1. If I filter region 66-81 for residues that are open to solvent by 40 Å² or more (accessible area, probe 1.4 Å), part of a loop (DSSP other than H, G, I, E, B) and either at pLDDT 90 or above or not aromatic (Phe, Trp, Tyr) (or both), do I get at least one hit?
2. Scan region 311-354 residue by residue and report those that are of a type in the set (Ser, Thr, Tyr) and assigned to a loop (DSSP other than H, G, I, E, B).
3. So which helices (runs of 4 or more DSSP H) stay within region 179-271 end to end and still have 1 or more residues that are in contact with a Leu (Cβ under 9 Å, 6 or more places away or on another chain), under 30 Å from Phe405 (Cα atoms) and open to solvent by less than 30 Å² (accessible area, probe 1.4 Å)?
4. Among the residues of region 294-305, write down those that are closer than 12 Å to Ser269 by Cβ, outside any strand (DSSP E or B) and not small (Gly, Ala, Ser).
5. Could you please find all residues in region 294-308 being in contact with a Leu (Cβ under 8 Å, 6 or more places away or on another chain), open to solvent by 40 Å² or more (accessible area, probe 1.4 Å) and either in contact (Cβ under 8 Å) with a residue 60 or more places away in the chain or acidic (Asp, Glu) (or both)?
6. Pairs only if they're at least six apart or on different chains, beta carbon under 9 angstrom, first in region 139-156 and within 16 Å of Arg60 (Cβ to Cβ), second of a type in the set (S, T, N, Q); list them, first residue then second.
7. Is at least one residue of region 92-106 part of a helix (DSSP H, G or I), surrounded by fewer than 17 Cβ atoms within 10 Å (Cβ to Cβ) and among the hydroxyl-bearing types (Ser, Thr, Tyr)?
8. How about region 132-153: which of its residues are touching a Leu at 6+ places or on another chain (Cβ under 8 Å), farther than 12 Å from Ile165 by Cβ and outside any loop (DSSP other than H, G, I, E, B)?
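The values are calculated or read from the model by the stated rules, or taken from the named source; none is laboratory data. Computed from a predicted model, the values in this text were never measured in an experiment. Using ideal geometry, Cβ is built from the backbone for each residue, glycine included, and neighbour counts are taken over all protein chains shown. Side chains included, ligands, DNA and RNA excluded: accessible areas come from the protein's heavy atoms. Shrake-Rupley method; radii C 1.70, N 1.55, O 1.52, S 1.80 Å.
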Amino acid sequence: MLNVSLHPIEKRFLKALLSKEKAKLEDVAREANLVIDQARRALEWLRSKGLIYVEEKRKRYYTLGEEGKKVVEHGLPEARLARTLSDLGKSEINKVKTKLEMDEKEFNAAIGRAIRRKWVKLIRDDSLYLLPLLKPHETEEEKVIRKLSSGPLEEHLLSEKELKIVRELMKRPNYINIIESSEIFVGIVDKWRSTIESIPIVEEVTQLRPEHLINDNWKELKFAVIDISAPTPSIYPAKKHPLVEFIKIVREIFVSLGFEEVKGPLIQSAFWNFDALFTPQDHPARDMQDTFYLHGFTAKLPRSDLVERVKKVHEDGGNTGSRGWGYEWSVDKAKSCVLRTHTTAVTIRALYELKGRDAKIFSIGRVFRNENVDAKHLAEFHQVEGIAVGRNLNLRHLMGYLTLFYRKLGFEKVKFWPTFFPYTEPSLQSMVYSEKLGKWLELCGMGIFRPEVVKPLRVDKPVLAWGMGLERLAMLYYDVVDIRQFYINRLSWLREVKCQ
């Protein structure tokens with residue numbers, strides 16, 4: 001007894017199969033009066049229910065290409081060469097080429113093959129000559145080509161020797177073409193044959209139409225049973241890229257915490273990218289091995305009084321109480337143009353434009369590092385960072401902001417670890433616990449801007465700062481182990497990844 005319901009198409013398919021042990025799919029479709037797409041659909045349904053078995057037989061045919069067809073009429077180029085030369089005798093090479101009417105490439109290849117087969121010999125006298133050694137009869141290759149000239153030939157009709165010759169000829173452009181096809185055979189599983197024979201074929205209705213109601217004959221209709229447990233085709237509607245969606249999520253979280261987004265150009269002056277952040281001009285981070293410079297371009301610096309204050313801080317600390325870095329600061333190096341290495345170049349400039357006002361701002365954008373690309377590093381990626389300015393702000397506020405941010409992303413376990421960063425003091429590293437990986441992971445650098453950073457900007461309040469690589473955070477969010485996954489556009493992953 002069948003424990004599954006059958007669609008009318010399936011019933012017609014099975015009835016057409018009953019009189020056969022095994023049949024081609026096309027023959028079953030024709031006998032059941034089904035179009036081939038309906039037959040294929042019925043085949044997949046019935047195979048998933050275990051009622052039929054399916055066999056696929058693949059066939060390979062060989063046929064002649066355009067160059068192969070020429071061989072049928074004229075012979076192989078090397079054989080033509082040897083036969084012509086046998087009639088001419090020792091001949092100057094250009095004379096033979098003119099006689100054969102071959103192009104340069106084909107003629108040179110024919111000479112090489114004829115020499116290897118010891119049909120001709122190349123000699124040098126006052127010029128280059130070809131000397132005939134043997135006049136070949138019909139070659140084995142020519143015999144195979146003649147055999148293929150009658151039309152596509154199935155692989156099993158060729159001997160091992162002939163197949164070897166065919167494979168050699170396939171190395172020559174457009175000599176032999178391959179045609180591959182497959183035939184699908186289906187049959188009823190033996191244990192279900194008697195059960196299927198007893199299934200009545202009654203015209204069943206799958207959709208109630210207006211004419212059924214108008215004519216009042218709907219009571220006499222046989223309605224098809226719908227199997228609501230049957231698998232349906234997967235549908236992949238359009239959606240945003242997971243990384244674009246994640247950026248939106250991060251943006252919404254910080255806006256909900258009272259932060260305002262700021263944006264800035266991808267190309268920055270070294271002044272805003274490095275100097276304003278108290279990064280010395282001989283620091284390794286400024287080397288071309290780490291930073292992309294735009295040669296031949298210089299940037300316009302901000303007001304001269306700000307530039308002078310930054311210069312003093314670098315050289316002797318200025319009015320910050322610091323000793324500075326103790327070197328002669330170069331304005332020309334500060335004018336260099338770079339692809340920004342962090343979005344701090346945007347937030348530090350926004351801090352200057354705030355003119356000491358309280359604020360909470362953040363930035364999300366692409367940054368560039370001269371890195372070797374691997375599973376954990378990219379040369380171009382996104383960074384998310386921000387600052388909070390306020391008279392009574394302290395490190396606890398910063399830890400609170402980041403803790404709320406991580407928890408809104410679903411990371412409940414958060415902790416902070418003392419560390420060192422060049423332009424914050426004190427400095428912390430935030431860490432979250434990954435339940436899947438079973439370990440703590442470092443994600444974000446944070447701290448309070450040093451006086452050498454904020455005093456030249458005429459800011460006399462605490463400035464909380466933090467920054468992190470967005471892709472690395474997205475890796476945890478989406479359970480991705482290779483950061484390159486976000487950029488290689490693998491459809492299988494893009495279709496399956498869950499987005500909000």
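1. no
2. Within region 311-354, Thr320, Ser322, Tyr327, Ser330, Thr341, Thr343 meet the criteria.
3. Ranges flagged: 242-256.
4. Lys300, Leu301, Pro302
5. The answer is none; no residue qualifies.
6. Leu148/Thr63; Gly151/Thr63; Pro152/Thr63; Pro152/Asn177; Leu153/Thr63
7. Yes, region 92-106 contains a residue that is part of a helix (DSSP H, G or I), surrounded by fewer than 17 Cβ atoms within 10 Å (Cβ to Cβ) and among the hydroxyl-bearing types (Ser, Thr, Tyr).
8. Selection gives Pro132 alone.
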